[in-house]
Structures are given as C-alpha cells and as structure tokens.
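The values are calculated or read from the model by the stated rules, or taken from the named source; none is laboratory data. It should be emphasised that the depicted structure is a prediction, and the values quoted were computed from it without experimental measurement. Here the Cβ positions follow ideal geometry from the backbone for every residue, glycine too, while neighbour counts run over all protein chains shown.
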Amino acid sequence: MTQPFRGTYDQLPELAARQQYIVDAARVQASLYGYDLVSTPIFEYADVFCRSLGESSDIVSKEMFVFDDRHGDKLVLRPEGTAGIMRAILSNKLTSQLPEKYFYAGPMFRYERPQKGRFRQFHQIGVEFIGESMPGSDVEVISVAWDLFERLGLTQKVELQINSLGDSESRQAYRDVLVTYFSDLKDQLSEDSKLRLEKNPLRILDSKDPGDRVLIESAPNLKDYLNDISQEFLGSVLEGLGILKIPYVLNPHLVRGLDYYCHTAFEFVTDCLGSHSAVLAGGRYDSLAQLMGHKEPIPSIGWASGIERLNLLMDQEISSIRPISIIPIGPTAETQVLVIAQWLRREGLKVILSHHGNLKSHMKYANRINAAKAILLGDTELENHTAIVKCLDRGTQQEVGLSQLVQYLKASS
RNA sequence: GCGGGUGUAGCUCAGUUGGUUAGAGCACCAGUUUGUGGUAUUGGGGGCCGUGGGUUCAAAUCCCAUCACUCGCCCCA
C-alpha cells in the first residue's frame, strides 16, 4: 500500500532538482537550434504504437502498458516519444509546413523488469527533426546531442557510435544474405539468436553471446551491401561530424529494434552504467509516417535520451539558491515577520519562515535548510526598527535598520 | 519472461553452532545555555528483524512461498 508500484519511484526535492536541471539544459540547448518544446499525451490509441513500432518488436509484444477504456478502446501508456509526435504532425495537418523541429520531455512506460537505470515509468528527453531528408539534418540532431553532453560535462564519459542501416533496398538485400548465412549455422546459434533469426535477423549482430560473436565475426558486413545512395548519405553525415569535430566510432553491428529506422543509426554509449550502455540513441525514420497511414514518406530523424541514465552519469552537485531564514523571537515578532517575509519576497529574495520551536530549534532549522543568513527579530529590534542579520557561514551578525535591510541582504549575498 | 544476490531503527550496517530484554554509528528530539545554529557532553524517542506459512520447548537466525530491491540475460533510454 505505501510502496510505489514496481519500477516506479518518487522524485523527492534533491532528485527532482537534478532531473529538472537536465531537462532544462536540454531544452535550452535544443532551442538554440530552433527545436521548440512540444508535449503530446502520455497515452494514445494502441495502434499509434502497434503499427509504427512493428508487431514483432519486443516493445509491442511484451512491454506495453495496455488498457481498455470504458468504451472498449484499446489504449496504451506511451513507451516512447517519436510515434506520438508523428501522430501529432498528422493530426494537426502540419505536413504542408514541414520541416518542423521539436523538443520534448516527459514520462515513458515499459512493462519491464526494473534494473539500475531502467524503470517502468522512466523519463526521456528527445528531439525530432521532421520533414527533412538531407544528411545535414542528421548531423544537426547529433550535434544537439553532443552540445548537450558538453553542457552537462559528460563528453569524457560517452562515446558516439554510428552506423548506416541503408535505405530499404539496401537493407532488404542485406537482410536476405544475413538470413542465408545464419540459417546455415542455425545449430550453432544461441537460443535467443534463433528467435532473432525469425523476428529480426539484424539484431543477431549485437548479441552478447560469446558463441554468437564468433559467428558474427565472419558474417557478411552491412557496409558491403549499401547501395550508392546509402553510401553517399553516410559519407555526408560522417563528413559533417568531422567538420564539427564531433568524435565518433563506426560500429557496423549497431542496429535498431524498431521497424521504421533507415540510414543513420547512432548511440551515445558509456561503460559507467553496467549492462545498459546506451544513454542516448536515435536514427532516421523516413517510413514512420507511412506506417501510420500517411500516403507519402515524411523523412525525419531524431533521438531520445533517458534522464535517469544521464543523472547516473552526472556526479556533480546541482547548486540551488540558498534561502534566508527569518526567525521571530517572542509573540509580537511572530506576526511582524509575516509582513517582513512578504516584503522581502516581493523584492525577489528567497525567504523561509521558521514557524515552530524555541530560538535554538529555529537556528537548527535554518542550518538544516542550508540558509545563508538568518534574520532575527525580537522586541528590542522591533522597538528600534531594526533586525539582526546573522551570516550562518561565518557566525558573524549585525544589526541592520529595516529601511536598509533589502539593500544589505542583496549586497552581501 | 529467465538466472544469481540481498531484505534487521530515518540511513549505513553488527547480531556467535537457533537460546531469554535485538545492538552500534550517523540522523532526529531534549537538557547543559530562559535572545543564537554547526563543535562538545548528558539524556531521550524510535524496530510485527520485508510479508505469510512451516520445523522446534525456543526462530532475526533453519525450510517453503511471496513481495521488494539489486546484479546479469532478453530488450531498451
């Protein structure tokens, strides 16, 4: 009863502040590139995700929080952000004014077994560049991500891995040879990879099974099956990253679990999070709009990043404004401090009233809330129209006339 | 969904081959200081030993189940 549902957690002030700091940093960074904040519902018709992610994907087949509403409609708590945003583009008939550049942040839901950095309700930030087919847009969204890591001081902890899945023609050709290759070796594959062979053969490439890895070594390489268009596209993206001096590593085994990806696929990975290496991942999804019933493709690219994982990587403290504690001494002062606190707040100062206890416990409270200063107000001070301002770091204090109080507090803060 | 580990005070953890009233440090509250916090000192509150069942004269301790957390797998951010 008092414990939260499996895989969910409370964000108490310290954690909430850290996570909000990350969201704010990302929102500001994205806005410098013209990505504006949007927000879509956290639940959608199930079809929004079932059709776009692919029925066979793990997310759809076993990880969605699905429920029926009172009319029997199948609804689902969103497991990711991109499909909802594409749905919003189509619902709001924005297809004639593309491209659009969006930033979003919010909770996502997947019915998984919780682990470090993995929750059932988790939080993502992401950007989507919708309606642009040029490789420069791929470079741009990766650049937003890189700038964010710089802003958060995490560039030393992450590595950008990139790959091309090719266009549909290249991918289909490669998929065919890969299936042929692994079908011959089926007996040697791990149990998991036997299933992958049926459902999503590309996924065999990033299997962690040692036996699989040996087979993967000599498997056909996706790179050799990219047609001219796909190779040229990848070349342009890599060139752009080079110009921007964004370091990357080509990873030919980097693939995507979802059906709608093509061309550029990338991940920022880390070795600081145990088995979950991906901190931010994205790719190009030109065919998503069609999967959702739109007649033509809407070429698009974006990424999403897990706030919980970013937070685990950040070891520095998040600084917050230290308050001023205001402490009444005696019954007359108790009503007077209300007025003074209100006055100081209107001057933009962060003032916390101490409501309960003797002077000693008031001071302890001031200490606990990390107040920089305490304002002490007793009968003597009321008569003199002054207040005692005590610096809690140094232990020094000074009697200040009320008329100069604001100036004094602002000057010494 | 599969496998391993851990659940004792708000937190970090002791707790003997099962044995009588379950401990420590930190944190919290109060006194030493009736108008001054952090340090010191003295005292105090606080535990269905995760939960339910079983074995036993006797269970925090052994067994089973269950829940939660955690690590790995699958998958993902």
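Points worth noting:
- Failed item, numbered, when residue A:185 is tested on (1) outside the structural domain of residue A:284 (by TED's automatic domain parsing); (2) at pLDDT 85 or above; (3) away from RNA strand B (no atom under 16 Å from the Cβ); (4) not β-branched (Val, Ile, Thr): (2)
- Looking only at residues in the stretch A:89-120 that are buried (at least 19 other Cβ atoms within 10 Å of the Cβ) and within 11 Å of RNA strand B (Cβ to nearest atom), the one that is nearest to the chain's Cα centre (by Cα) is A:108.
Residues are listed down the side, and each one gets a yes or a no for (1) under 20 Å from residue A:264 (Cβ atoms); (2) at pLDDT below 95:
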position: A:103; (1), (2): yes, no
position: A:124; (1), (2): yes, no
position: A:139; (1), (2): yes, no
position: A:148; (1), (2): yes, no
position: A:153; (1), (2): no, yes
position: A:165; (1), (2): yes, yes
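- Some residue of the stretch A:31-49 being modelled with pLDDT of 95 or more, assigned by TED's automatic domain parsing to the domain that holds residue A:110 and assigned to a helix (DSSP H, G or I): yes
- Evaluating residue A:267 against the criteria (1) more than 10 Å from RNA strand B (Cβ to nearest atom); (2) closer than 22 Å to residue A:22 by Cα; (3) crowded, with 18+ Cβ neighbours inside 10 Å; (4) charged (D, E, K, R) leaves one unmet condition, (1).
- Which listed residue is buried (at least 18 other Cβ atoms within 10 Å of the Cβ), polar (S, T, N, Q) and within 8 Å of RNA strand B (Cβ to nearest atom), from A:361, A:354, A:305: A:305
- Among the residues of the stretch A:178-228, those identified as touching a residue at least 24 places away in the same chain (Cβ under 8 Å), part of a helix (DSSP H, G or I) and closer than 18 Å to residue A:256 by Cα are A:178, A:199, A:201, A:202, A:203, A:204, A:205, A:206, A:216, A:222, A:223, A:225.
For (1) more than 17 Å from residue A:146 (Cα to Cα); (2) of a type in the set (Lys, Arg); (3) not assigned by TED's automatic domain parsing to the domain that holds residue A:90, each residue gets a yes or a no:
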| position | (1), (2), (3) |
| --- | --- |
| A:277 | no, no, no |
| A:281 | no, no, no |
| A:286 | yes, no, no |
| A:289 | yes, no, no |
| A:293 | yes, no, no |
| A:305 | no, no, no |
| A:329 | yes, no, yes |
| A:335 | yes, no, yes |
| A:338 | yes, no, yes |
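- Evaluation of residue A:238 against (1) away from RNA strand B (no atom under 16 Å from the Cβ); (2) of a type in the set (A, V, I, L, M, F, W, C); (3) closer than 21 Å to residue A:285 by Cβ; (4) not assigned by TED's automatic domain parsing to the domain that holds residue A:145 (one fails), failing number: (4)
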